[in-house]
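Take a look at the structure below.
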4 protein chains.
Amino acid sequence: MSHQQHDNTWRLLQDHLDEWVNLSKAHTSEGHVASYIPELANASPDILGICIMDSEGNTKVSGDSDFPFTLQSISKVFTLILALMDNGEEIVFSKVGMEPTGDDFNSMLKLELVEPGIPFNPLINAGAIAISSLIKGNTTDEQIDRILHFFQHIADNPSLSINQHVFRSESDTAHRNRSLAYFLKDNGVLDGEVDDVLRVYFSHCSVEVTCTDLARMALVLAHNGVDPIRKRRLIPRRFVQIAKTFMFTCGMYNASGEFAMNVGLPAKSGVSGSILTMVPGQYGIGLVGPALNRKGNSTAGVHLLGILSQEFDWSLF
Amino acid sequence: MSHQQHDNTWRLLQDHLDEWVNLSKAHTSEGHVASYIPELANASPDILGICIMDSEGNTKVSGDSDFPFTLQSISKVFTLILALMDNGEEIVFSKVGMEPTGDDFNSMLKLELVEPGIPFNPLINAGAIAISSLIKGNTTDEQIDRILHFFQHIADNPSLSINQHVFRSESDTAHRNRSLAYFLKDNGVLDGEVDDVLRVYFSHCSVEVTCTDLARMALVLAHNGVDPIRKRRLIPRRFVQIAKTFMFTCGMYNASGEFAMNVGLPAKSGVSGSILTMVPGQYGIGLVGPALNRKGNSTAGVHLLGILSQEFDWSLF
Amino acid sequence: MSHQQHDNTWRLLQDHLDEWVNLSKAHTSEGHVASYIPELANASPDILGICIMDSEGNTKVSGDSDFPFTLQSISKVFTLILALMDNGEEIVFSKVGMEPTGDDFNSMLKLELVEPGIPFNPLINAGAIAISSLIKGNTTDEQIDRILHFFQHIADNPSLSINQHVFRSESDTAHRNRSLAYFLKDNGVLDGEVDDVLRVYFSHCSVEVTCTDLARMALVLAHNGVDPIRKRRLIPRRFVQIAKTFMFTCGMYNASGEFAMNVGLPAKSGVSGSILTMVPGQYGIGLVGPALNRKGNSTAGVHLLGILSQEFDWSLF
Amino acid sequence: MSHQQHDNTWRLLQDHLDEWVNLSKAHTSEGHVASYIPELANASPDILGICIMDSEGNTKVSGDSDFPFTLQSISKVFTLILALMDNGEEIVFSKVGMEPTGDDFNSMLKLELVEPGIPFNPLINAGAIAISSLIKGNTTDEQIDRILHFFQHIADNPSLSINQHVFRSESDTAHRNRSLAYFLKDNGVLDGEVDDVLRVYFSHCSVEVTCTDLARMALVLAHNGVDPIRKRRLIPRRFVQIAKTFMFTCGMYNASGEFAMNVGLPAKSGVSGSILTMVPGQYGIGLVGPALNRKGNSTAGVHLLGILSQEFDWSLF
């Protein structure tokens, strides 16, 4: 993209972002805040905030951009990257596959039905739990510390921390995730203790961020692993490529195909109503809108990204 | 059945049971001892023993009839009965259904696919775990005690006890059962703590018996809940009816239909290679043959019951 | 059963059958007439009729016992028997299994998921279509003639015939059955042409009968293949045994377990609202009540059989 | 891409394409020629040919680039586009979804399990059959003619025609596709007669092409619907975007995720061993290598595209 294009984009965002956010905010009423984790159920459904960051760190923000929220499934992208950095592709892909599933994010059907019973990809819950078990560390605490530091490093924000209320809330209620984990254990996919692996998993899901943090993290992916601000490579390019491919094919739960069609960018959503996405080579984008549609994605957030993608012709295809 | 018939049966058993056991023993080599519970894997594959008990407590035994083994899934029949006695039909059938599944005994497919996500019947693992949670008791230990005493009572054998080696072996390795239990917890089927419920479940699976104990327990079912020896009703008739119906339609895992066709008696098998069955109104039968066929039933045991059913025209149809 | 018992039963039926039919009729409003075959949708939902026939051919009838209806799935029992008589057990059970499925009667899941891809049993649609293909005959017409004559022979009613309106209605609308048949063809289960096999299948489903015909046919099964009136063996005993076993485990669609629990007799239902059942060794029973419950069985009919089973302690267990 | 880059690419292809083709040819022995359509089974397994076309129509070819083959599933991309041009997005996406499935290309599971029972996407068989039914035309012949002319138009080759041997071979043996089509009919997805729709479907699968034709067709997609040679828009850009998105997420059967990871280009494969892919904005690529891997894609072809993608850094991510 030329400077000219960037200037145009930036000016249009200046003039219209608030308007587009307001337009999208009308769609919050179509969704519902996630209730299966009690602590998440407290979020106000009509929140919508966004931050777009360019490669010099300039930002355009609108709406509730200071609202803090937990990463939830967005964390899966970065634990996948860390697991790849810790273990390499061969080990990682002996534990999880590369294919979209078409099933719900917490489905166990394919674990039972499809040999060899490994999760189809690292972005469904089963896959992300398997990935959590691969993070290096002599103890569970060390694994969690390494993940947190990695997230802080990517976000360039040493104050990122785990929201302990959300962590406990998840940990107390996540029977389905325990079920998944024991199934994986039975299939020989998990090496450690289920309780330890889940502590790692719930911890990285519970890291608290803002839209600006998300945009900052996305910016590194948008630049293939090189932080354009610090001008340093933080992640090997191949691992970013892997992460972005998964985000494109499976990042938005089983509405990933629809999102690819209508927005056309690699993205990952979380049940906190958050979405991390990026314009490759250019912008990092973070947003939050806790009211979710039936597939588990932020209703207003998906709508807003649809507007932006159309206005700026951002679809990869 | 007339006395005449009984005398004939008894004489033929006297003359031929050893021969039929030997014939069936040849089929032990077609099966394999269960390996998923390490302690069970130690059983010798060529064992075969049987005990047939008439309504006066006379027995015909043959083969390794003294071999001790754990009840495993056979216990599910009696915990179902105790749960019915503790709670009544309405509560029990709000937690488990009445239908055969056609799936493996540890399958989770229907829990995910079929509303309302309760186990299809009390004899698959998911159902039996749900039933374990329904046994009355102020503590888990009290639940286990009540079950053990009930089993002792039915078997008229106060020395029945839990094989602690098998219990620990099951408890340490049963990841799939934990997965099932957490899935049930997530679906709202289990009230208590998963660890507690599984302790109850593994305990009753680990009660050690002999063929004679099985035959004695079966005799009570054969007489619709009245012990013909002690001449006392031990179980309300309706609950025996329920138990026997389930044994007929789902008692032999997903080979229940084939067994119904070829033997035609209510029966329940366990992965210890044990089978409890009965000739209604007449005999209680217990057998053990640890080598299992692909569906999880004793190869030699099924063969032997096929011979007996044909010789004595025991099929209900 | 003693003569005394029979006399008592017969007297109670004389005195109370109308009352029980009326009681049950109240339940017709809970169900809905099958709509997927247009011709069936015309039946009046508040019809309920029953015929009970003893071994001398005496009958107790009540309600709309003259109402003519088509056999639908009840015919599957008799085509199974004819296929067994034509081919023997080995060939028949190379094409269909012996197990209940827990799935809907027209489900294709297990054909895709469970090797070797043959229908689980002959009473689900897939199985019954496979059975239709096994009926001997040089032409499709000859197959259909042989089936019709067999039905007439069992029912002792040479005027039984195919209702051509229903046949055409089924044939025109049964896309799901065509789908099943082509799946079977692909799995190598069907030898003939799909259109021919389905013509056989729809023909035997469309044979029109009354409750008295059903009771007469059931009487032959109740007496293990010997017609107690004509005093002739019409079916080898083993094949009746097979049929009754399937009726008990899979005869009432995926409510077979519940029916076994609450009525406890071998039975087969059809979407015309008909049920054929029997008291082994004694009575043949036919009924019709077109309003169906969610599982596809006559609501009022199931209710009425529940009353009868309880009053006369007819459950096999 | 600059001219400089293009010149470099072209020179490297000049120097190395034969070598890469030979390297990849070694992998033909790992696969098997499709056998389920008899006419396809005749193809020689060690064939491998490729054509790469630039935006001026210059080509680099190597291997068996003249080998004629049928489009098979590749045709689905272009019937989807024609259906979109004929009906618009709204109608098309009322009949098929937008999501990858994770299941086999001919699976029926999700049609039965997931409401509302429409195919998950237009590139699995069920979806493509639904799409075939949407092609405008007063008669089936007219539908087929319109498709053939559209293919000829895109390929700029008026001599493209239907291979009647393959058409008949498919038509005679495709029981599974008939099963799928009747299931769709039952679910209300197909309007026309199944036989007619399948005639359309088998016809477009049987259009015979060479690698050069594929490359030519791909070139139009690579340029978002504008033919860079004829300098005319042939397809609205949005519909190309839709097609390419589906190719990226579901184009290589249930190995689409793996292909996206290792090659990273929108592509569509066919059981003839053919693959159509493109470098967006630049090249159209067609290849054929009939030996298929377990997932149904050309073993050698996938290998060759992996080399090219790595050498030229063609992955979109």
Normalised contact order of chain A, rounded percent, pairs of Cα under 8 Å and 6 or more residues apart: 27 percent
Which of C:Leu23, D:Leu292 has the fewest Cβ neighbours within 10 Å, and the rest in rising order: C:Leu23, D:Leu292
Cut-off 14 Å between beta-carbons: net charge of the residues surrounding B:Asn224, Lys and Arg +1, Asp and Glu -1: +4
Debye-sum result for region D:1-100 in log10 I(q)/I(0), which assumes one identical scatterer on each alpha carbon, at q = 0.20 Å⁻¹: -1.04
Shielding by partners - mean other protein chain Cβ count within 10 Å, residues of D:91-99: 3
Isolated Cys residues of chain B, judged by Cβ distance under 4.7 Å to other cysteines: B:Cys205, B:Cys250
Estimated inter-spin distance, D:His3 and D:Asp191, nm [label 7 Å along Cα→Cβ]: 5.1 nm
Other copies of A:Glu115: label-to-label distances in nm, shortest first, labels 7 Å along the beta-carbon direction: 0.6, 3.6, 3.6
Teacher prompt: B:Gly57 distances to equivalent labels in other copies, 7 Å Cα→Cβ, nm: 5.4, 9.0, 10.2
Positive minus negative residues near B:Thr277 (Lys, Arg vs Asp, Glu; Cβ under 11 Å): +2
Taking B:Ile47, A:Ile307 and counting other C-beta atoms within 10 Å, the order from fewest to most: A:Ile307, B:Ile47
Cubic angstrom per residue, convex hull over Cα atoms of the protein assembly as shown: 181 Å³
Other-copy label distances relative to B:Arg232, 7 angstrom Cα-Cβ extension, nm: 5.7, 8.0, 9.8
Candidate lysines - alpha carbon under 19 Å from A:Lys295, same-chain residues fewer than 8 apart omitted: A:Lys25, A:Lys76, A:Lys110, A:Lys268, D:Lys110
Rounded FRET efficiency, nearest 0.05, which uses the C-beta distance separating C:Asp172 from D:Met85 and R0 of 30 Å: 0.35
Part-to-part distance (alpha-carbon centres) for region A:11-66 and region C:199-274, which is given in Å: 64 Å
Karplus (6.51, -1.76, 1.60) ³J(HN,Hα), θ = phi - 60°, over region D:68-73, in Hz, Gly and Pro reported as x: x, 8, 9, 5, 6, 5
Under 15 Å, Cβ to Cβ, from D:Phe93 - net charge with Lys/Arg +1 and Asp/Glu -1: -3
Residues A:Thr140, A:Thr79, B:Thr173 arranged by fewest to most Cβ contacts within 10 Å: B:Thr173, A:Thr140, A:Thr79
Inter-chain Cβ neighbour average for residues D:243-250, partner chain, 10 Å: 5
Per-residue mean of C-beta atoms belonging to partner chains within 10 Å, peptide D:173-182: 6
Reciprocal of mean inverse Cα separation for region C:74-225 (Kirkwood radius, Å): 15.6 Å
DSSP H segments from chain B that extend 27 Å or more along their own axis, Cα-based, with Kyte-Doolittle mean of -0.5 or above: none
Qualifying chymotrypsin sites (Phe, Trp or Tyr not before Pro) in region C:4-48, DSSP loop, other Cβ atoms within 10 Å at most 16: C:Tyr36
Rg and Dmax [Cα atoms of chain D; Å; Rg one decimal, Dmax integer]: 18.2, 56
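Throughout, read-outs are computed from the coordinates displayed, never taken from laboratory work. As the structure is a prediction and not an experimental result, all values here were calculated from the model. All Cβ positions, glycine included, derive from the backbone under ideal geometry; neighbour counts span all protein chains shown.
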